[in-house]
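Participant: My structure is below; once you've seen it, I'll send some questions.
Just so you know, all these numbers are worked out from the coordinates, no wet-lab data involved. As the structure is a computational prediction, the values presented were derived from the model and not from experiment. Positions of Cβ are generated from backbone atoms using ideal geometry, with glycine treated the same way; all protein chains shown enter the neighbour counts.
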Amino acid sequence: MGGAAGALVPAPRRAMAAGGWRWLRGLWAAGQPLFQGRALLVTNTLGCGALMAAGDGARQSWEIRARPGQKFDPRRSASMFAVGCSMGPFLHYWYLWLDRLLPASGLRGLSNVLRKVLVDQLVASPLLGVWYFLGLGCLEGQTLDESCQELRDKFWEFYKADWCVWPAAQLVNFLFVPAPFRVTYINGLTLGWDTYLSYLKYRTPGPRAPPGCGALGTMQAELPHSPTGCQTGQD
């Protein structure tokens, strides 16, 4: 039956399939050195930077379509690339440390895997959030006070979204992904996340209330009457 089934496949298709498998094996053989020894650190570093820049590029493309007249800002993507590269070594050594602290293999080590996910969420995730906002603020010329204020404004939104995305992804990572490929796995999933981070960092602030609107009835004597729509609570 196997021979008869093989005979039903046209020879050109069999040749294309065989050529495809040879190409994939060749690609794998060529890429293996990138995930071994010191080269793995470089791979993880550049991978983090490239995906961060790609996420920003995707976000900017959406903004350009939504806001006629806006142009692509390469410096913004370059800043994202730099911050992503700065996170690469941290993630590289973080996963090595976690694997030594809580060794686990497959479903038999599920208890340790769950501990690793929890430690990652409680330590690495908030640290990387702070790193992201302060690092980009520094590269873009913000003062430390401005960057800290932005962090206070956006951190909890970032951290809540992080809890919605990464525990499940890290569970798969620690259960099934070989240690040398952990950062690459995260980078492979992170394009959508990096697009969200770009949105969170660069979104246009909403309109602010005119001065004096929040102090109902307490500043009427100090503010001149103007048709701003503020309600002072008094006629």
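Participant: List the trypsin sites (Lys or Arg not before Pro) in region 71-131 that DSSP assigns to loop (not H, G, I, E or B) and whose Cβ has at most 10 other Cβ atoms within 10 Å. Which are they?
Facilitator: K71
Participant: Give me the number: length gained by fully extending D73 to Q149, i.e. 0.36 nm times residue separation minus the C-alpha to C-alpha distance, one decimal in nm.
Facilitator: Full-extension gain reported as 25.0 nm.
Participant: For K71, give me every one of the lysines with a C-alpha distance below 23 angstrom, ignoring sequence neighbours fewer than eight places off in its own chain.
Facilitator: K201
Participant: At a 10 Å Cβ-Cβ cut-off, how would you order F174, F155, fewest neighbours first?
Facilitator: F155, F174
Participant: Roughly how many nanometres apart are two label points built 7 Å out from the Cα toward the Cβ at A39 and K160?
Facilitator: That separation, rounded to one decimal, is 4.5 nm.
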